[in-house]
Amino acid sequence: QVQLEESGGGLVQPGGSLRLSCAMTGIISNEYVLGWYRQAPGNKRESVASISSGGSTDYALSVAGRFTISRENKKNTLDLQMDNLKPEDTAVYYCHVYDFASSYWGQGTQVTVSS
């Protein structure tokens, strides 16, 4: 069974950086899409960035050029490097795996951007 556990959230000032990491276990499919989503209070959950099993990446327009998604195969983690953070990036960030049969979510990690 796929299990996901996020870490790395916290409080950061505007313009600062954070790196989120998602420890992934139980993925056996060779075809999948890994992604980061976020949900701010009162808002719907939205896609932030994704990476396919083939290595293709996709970013929301609001984070393109500031965020970088990557998979660390040796550690079996999915990372999200977030630079030049803005107050509007404040949200709970979720790790997601879709293996074309099922969808899996982590429990989320809070990111707060505030001075």
So the carbon and sulfur contribution to the accessible area of the chain, 1.4 Å probe, in percent, is 46 percent
Taking all pairs of different Cα atoms in the chain, averaging 1/r and flipping that mean, what Kirkwood radius in angstroms comes out?
14.1 Å
Accessible surface, the chain, averaged per residue in Å² (probe 1.4 Å)
55 Å²
Under a 1.4 Å probe, counting only protein heavy atoms, V12 has an accessible area in Å², nearest 10, of 20 Å²
Label-zone membership for segment 1-30, site Q107, 7 angstrom Cα→C-beta point, backbone N under 14 Å:
3-9, 23
Checking the cross-link filter: which lysines have an alpha carbon closer than 20 Å to that of K86, excluding same-chain neighbours under 8 positions apart?
K44
So between E88 and Q1, what do we pick up on full extension, going 0.36 nm a residue minus the alpha carbon distance?
27.9 nm
1/(1 + (r/R0)^6) with r = Cβ-Cβ of N73 and S114, R0 = 22 Å, i.e. FRET efficiency to nearest 0.05, evaluates to 0.05
Starting from the Cα-Cα distance between R19 and S47, subtract it from 0.36 nm times their residue separation and give me the gain in nm to one decimal.
8.4 nm
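The values are calculated or read from the model by the stated rules, or taken from the named source; none is laboratory data. Fair warning: this is a prediction, and the values are worked out from it, not measured in the lab. Glycine also receives a Cβ, built like all others from the backbone with ideal geometry; neighbour counts cover every protein chain displayed. The protein model used for the area step is the full one, side chains on, heavy atoms only, and it has no ligands, DNA or RNA in it. Shrake-Rupley method; radii C 1.70, N 1.55, O 1.52, S 1.80 Å.
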